[in-house]
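Since the structure comes first, as structure tokens, the remarks are kept for the end.
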Amino acid sequence: LKVGTRVFAEGPYGAFTTMHQRRTNALLIAGGVGVTPIRALLEDIRGHVVVLYRVNSYDDAVLLQELTDIARKRGALLHVLAGPPDARNEYGPLLGPNSLAGLVRDVWDRDVFVCGPPPMTTVVLGSLRELGVPREQIHAERFSLAS
């Protein structure tokens with residue numbers, strides 16, 4: 001653009017803004033590059049927040065120090081779910097319904113924001129459905145690097 005060109009900018013749009021929060025508290029679930037929008041939400045979302053960050057190893061946990069600092073400052077809980085991929089379903093065991101309900105005992109009473117690779121997001125959405133989390137409390141972005 002040439003200097004002086006008029007532009008019109010607007011947004012953000014989609015499910016990944018705090019304006020979609022319906023419940024008092026929130027659960028933020030990140031995987032892979034999906035940690036970036038989750039980190040931004042962690043700063044602005046209201047209420048008590050639990051963050052689940054799924055990585056294959058702690059070496060893969062980019063932005064972990066930032067998440068830790070923000071979580072500590074705002075009194076949020078941060079759980080890093082690290083483990084090697086499972087041959088059948090790399091996300092299932094750590095993000096399955098039993099794991100989610102065990103880590104976040106009031107998951108049914110929170111808005112849930114999920115951002116990660118499509119396979120992870122699919123597993124989490126299935127787990128939330130199985131747990132009976134109301135659809136209007138679930139906000140998801142399938143986030144991946146362009147290939």
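Taking only Cα atoms, what is the 0 to 90° angle, nearest 10, from helix 35-44's long axis to the longest principal axis of the chain? Its long axis makes an angle of about 80 degrees. Over all Cα atoms in the stretch 1-131, the spread is summed up by Rg and Dmax: 16.1, 56 Å.
Share of the chain's accessible area from carbon and sulfur, percent, 1.4 Å? The partial results should precede the final answer.
On the way: 4520 of 8430 Å².
So the carbon and sulfur contribution to the accessible surface is 54 percent.
If the elastic network links every pair of Cα atoms under 10 Å, which of Asp109, Asp59, Asp69 fluctuates the most in the Gaussian network model of the chain? Ranking Asp109, Asp59, Asp69 by mean-square fluctuation puts Asp59 first. Measuring r between the beta carbons of Leu131 and Ala9 and using R0 = 41 Å, the FRET efficiency lands at 0.60. Taking amide H atoms as placed 1.01 Å from N in the peptide plane, the amide H of Val112 lies under 5 Å from those of Leu27, Ile138, His139, each 5 or more residues away in sequence or on another chain. When the square roots of the Cα gyration tensor eigenvalues are ordered a ≥ b ≥ c, the ratio a/c for the stretch 1-69 is 1.5 or more and a/b does not exceed b/c, which makes its shape oblate. Each label was represented as a point 7 Å from its Cα along the Cα-to-Cβ direction; for Glu43 and Glu66 these points are 0.8 nm apart.
The values are calculated or read from the model by the stated rules, or taken from the named source; none is laboratory data. Since the structure is predicted, the reported quantities are computational estimates derived from the model, not experimental observations. Positions of Cβ are backbone-derived with ideal geometry, glycine not excepted, and every protein chain shown enters the neighbour counts. Accessible surface is based on the protein model in full, side chains and every heavy atom, while ligands, DNA and RNA are left aside. Shrake-Rupley method; radii C 1.70, N 1.55, O 1.52, S 1.80 Å.
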